[in-house]
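To start, the structure under review is shown below, and the notes come after it.
The values are calculated or read from the model by the stated rules, or taken from the named source; none is laboratory data. Everything numeric here is computed off the predicted structure, so don't read it as measured data. Cβ placement follows ideal geometry from the backbone for every residue including glycine, while neighbour counts extend to all protein chains displayed. SASA here: full protein model, heavy atoms, side chains in, ligands and nucleic acids out. Shrake-Rupley method; radii C 1.70, N 1.55, O 1.52, S 1.80 Å.
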Amino acid sequence: LQLERQLLMQNQMRERQTAMQIAWTREFLKYFGTFFGLATIGLTAGAIRKKNPGVLLPIVPLSFIFAYQYDMGYGTLLQRIKGEAENILDTETTLLELPKGPLTYEDLEKIRRSQSKFFIEK
């Protein structure tokens, strides 16, 4: 029962953190979208005034950032990330292995002893 409660609590915390990330992205998108729109208008006006299409060049990276933020906040980016993560878990488990294998109690004790100035071995 305690383990089930811990699992439920961890899942609730994960869901809340994900919801906060999506909400933050949506809020950021409002501000960045306004900046992107004003920058696009300003750069277009500058390109027309100076008759130099090179002035429009900053719109390219800004549009990629805008598209990514939109996809994160309102698109399917999270579903695609989840799908890729499931694929990695299913087919590429060797990528998930920790260097030197999983951490053991003995490893932790060795580290603790080496870092402790006052530890006396019995």
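Kindly indicate which of Glu106, Glu97, Glu86 is free of Cβ contacts under 8 Å to residues at least 12 places away in the same chain, open to solvent by 70 Å² or more (accessible area, probe 1.4 Å) and under 26 Å from Glu15 (Cβ atoms).
Unique residue meeting the criteria: Glu86.
Go through segment 34-69 and count every residue that is over 18 Å from Ala19 (Cβ atoms) and within 20 Å of the chain's Cα centre (by Cα).
Result for segment 34-69: 8.
Which condition number in (1) at pLDDT below 95; (2) under 23 Å from the mean Cα position of the chain (by Cα); (3) not aliphatic (A, V, I, L, M) is the one that Phe119 fails?
Failed condition: (2).
Any residue that is modelled with pLDDT under 95, touching a helix residue (DSSP H, G or I) at 6+ places or on another chain (Cβ under 9 Å) and at positive phi - is there at least one of those in segment 78-100?
Looking through segment 78-100, at least one residue is modelled with pLDDT under 95, touching a helix residue (DSSP H, G or I) at 6+ places or on another chain (Cβ under 9 Å) and at positive phi.
Only one of these is among the charged types (D, E, K, R), surrounded by 12 or more Cβ atoms within 10 Å (Cβ to Cβ) and either at pLDDT 95 or above or out of contact with any Lys or Arg (no Cβ under 8 Å at 6 or more places or on another chain) (or both): Arg26, Arg49. Name it.
Arg26
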